[in-house]
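Heads up: the structure comes next, in structure tokens.
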């Protein structure tokens with residue numbers, strides 16, 4: 001029985017992507033690989049119809065956190081005055097990265113799952129104390145979709161640069177590329193793009209890569225990667241097989257109608273899960289309109305532990321995700337990313353009824 005991953009990455013793969021990852025052995029110094037690299041970079045920039053003279057994608061090996069770290073250490077100058085918006089694990093991770101690299105940063109904190117206080121953000125930016133804002137688009141801790149349109153607009157109004165963790169939103173949620181404040185975003189292959197783990201990307205304004213910031217890292221310095229990739233080279237060995245898989249995944253995304261159609265598909269599947277859970281007396285953690293299309297969180301069923309729920313669903317071929325930190329004993333998460341068919345969803349409904357309703 002095929003297992004369906006309902007965790008927020010890695011995702012269940014299409015057969016096409018799975019085959020593409022092992023289609024051939026490629027040396028990263030050969031023209032065949034460099035053509036693949038060019039194809040993937042162009043495909044990433046084209047997802048949101050970005051102007052390739054203004055935007056590029058920088059590819060590097062690693063997880064989504066690698067992309068977050070590379071973005072920060074490469075694009076924040078020594079004199080940056082950083083404000084991090086926190087309402088979950090990944091906002092806190094941005095602050096932790098800043099701390100490790102001795103980048104002075106202040107946090108605007110909200111409880112996990114709560115909304116970002118835009119009035120407080122406005123007041124902080126109006127005081128002129130900050131040069132950069134960092135935020136998470138989809139905070140998978142609870143499934144909350146943060147209001148990046150409003151955040152980017154505020155940053156533009158006050159002349160502040162905006163760096164975005166779009167790791168679990170890129171390819172399925174709207175992103176405010178038209179805002180001049182938006183400078184870069186961290187992305188990964190193995191979430192909404194339906195690739196395999198191991199390939200991280202940062203989409204950057206080309207101008208942001210030309211600040212002349214002294215490298216803080218050898219392998220995560222984005223200008224070094226971008227310069228070599230523009231020359232049809234690569235500074236270090238890249239995750240070749242992950243690029244092969246992503247090239248196929250980008251073709252499939254395009255054939256399926258692009259990011260807007262993927263968002264619609266995710267929403268349809270998430271709504272179906274929510275309806276079944278509601279019938280079983282399982283409440284959503286956040287209202288649907290405040291949640292991403294990618295993932296929703298649910299209160300644990302009365303009288304059932306997460307392990308009981310997880311193990312019961314796993315026996316039916318479905319892998320769900322626990323809450324994090326103090327939420328581990330209170331909620332579970334179901335993501336509808338990846339290659340998931342209507343038949344799979346019908347089986348999931350049966351599994352939920354069997355495990356929760358028994």
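Of the residues making up segment 162-169, one or more are in contact (Cβ under 8 Å) with a residue 12 or more places away in the chain and more than 14 Å from the chain's Cα centre (by Cα).
Residue 36 passes every criterion in (1) touching a helix residue (DSSP H, G or I) at 6+ places or on another chain (Cβ under 9 Å); (2) surrounded by 21 or more Cβ atoms within 10 Å (Cβ to Cβ); (3) in a helix (DSSP H, G or I) apart from (2).
If you go through segment 50-62 and keep only what is closer than 21 Å to residue 241 by Cα and either outside the structural domain of residue 40 (by TED's automatic domain parsing) or surrounded by fewer than 19 Cβ atoms within 10 Å (Cβ to Cβ) (or both), you end up with just 61.
For (1) surrounded by fewer than 20 Cβ atoms within 10 Å (Cβ to Cβ); (2) without any contact (Cβ under 8 Å) to a residue 60 or more places away in the chain, each residue gets a yes or a no:
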{"residue": "308", "(1), (2)": "yes, yes"}
{"residue": "311", "(1), (2)": "yes, yes"}
{"residue": "317", "(1), (2)": "yes, no"}
{"residue": "324", "(1), (2)": "yes, no"}
{"residue": "337", "(1), (2)": "no, no"}
{"residue": "344", "(1), (2)": "yes, no"}
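Of the residues making up segment 15-26, none is within 28 Å of residue 314 (Cβ to Cβ), crowded, with 17+ Cβ neighbours inside 10 Å and at pLDDT below 95.
Residue check: residue 281 meets all listed conditions (1) under 20 Å from residue 357 (Cβ atoms); (2) without any contact (Cβ under 8 Å) to a residue 12 or more places away in the chain but one, namely (2). Taken together, 117, 79, 102 contain a single residue that is more than 20 Å from the chain's Cα centre (by Cα), under 29 Å from residue 263 (Cβ atoms) and not assigned by TED's automatic domain parsing to the domain that holds residue 330, which is 117.
Residues in segment 319-344 that are closer than 8 Å to residue 6 by Cβ and more than 21 Å from the chain's Cα centre (by Cα): 0 in all. Considering segment 284-306, the residues that are under 26 Å from the mean Cα position of the chain (by Cα) and without any contact (Cβ under 8 Å) to a residue 24 or more places away in the chain include one that is surrounded by the most Cβ atoms within 10 Å (Cβ to Cβ), namely 284. On the given criteria, is residue 65 farther than 18 Å from residue 197 by Cβ and either touching a residue at least 12 places away in the same chain (Cβ under 8 Å) or not assigned by TED's automatic domain parsing to the domain that holds residue 230 (or both)? Judged against the criteria, residue 65 is not a match.
Restrict the check to segment 41-49 and report whether at least one residue is in the same structural domain as residue 239 (by TED's automatic domain parsing), part of a loop (DSSP other than H, G, I, E, B) and without any contact (Cβ under 8 Å) to a residue 60 or more places away in the chain.
In the first step, residues of segment 41-49 are kept if they are in the same structural domain as residue 239 (by TED's automatic domain parsing); the result is 41-49.
From what's left, part of a loop (DSSP other than H, G, I, E, B): 47-49.
If we keep only those that are without any contact (Cβ under 8 Å) to a residue 60 or more places away in the chain as well, we get 49.
Yes - at least one qualifying residue is present in segment 41-49.
Go through (1) surrounded by 14 or more Cβ atoms within 10 Å (Cβ to Cβ); (2) touching a strand residue (DSSP E or B) at 6+ places or on another chain (Cβ under 6 Å) and name the single condition residue 328 misses. With respect to (1) surrounded by 14 or more Cβ atoms within 10 Å (Cβ to Cβ); (2) touching a strand residue (DSSP E or B) at 6+ places or on another chain (Cβ under 6 Å), residue 328 is out only on (1).
The values are calculated or read from the model by the stated rules, or taken from the named source; none is laboratory data. Note that the coordinates shown come from a computational prediction; the quantities given were computed from them, not determined experimentally. Every residue, glycine as well, gets a Cβ built from its backbone with ideal geometry; the counts of neighbours run over all protein chains shown.
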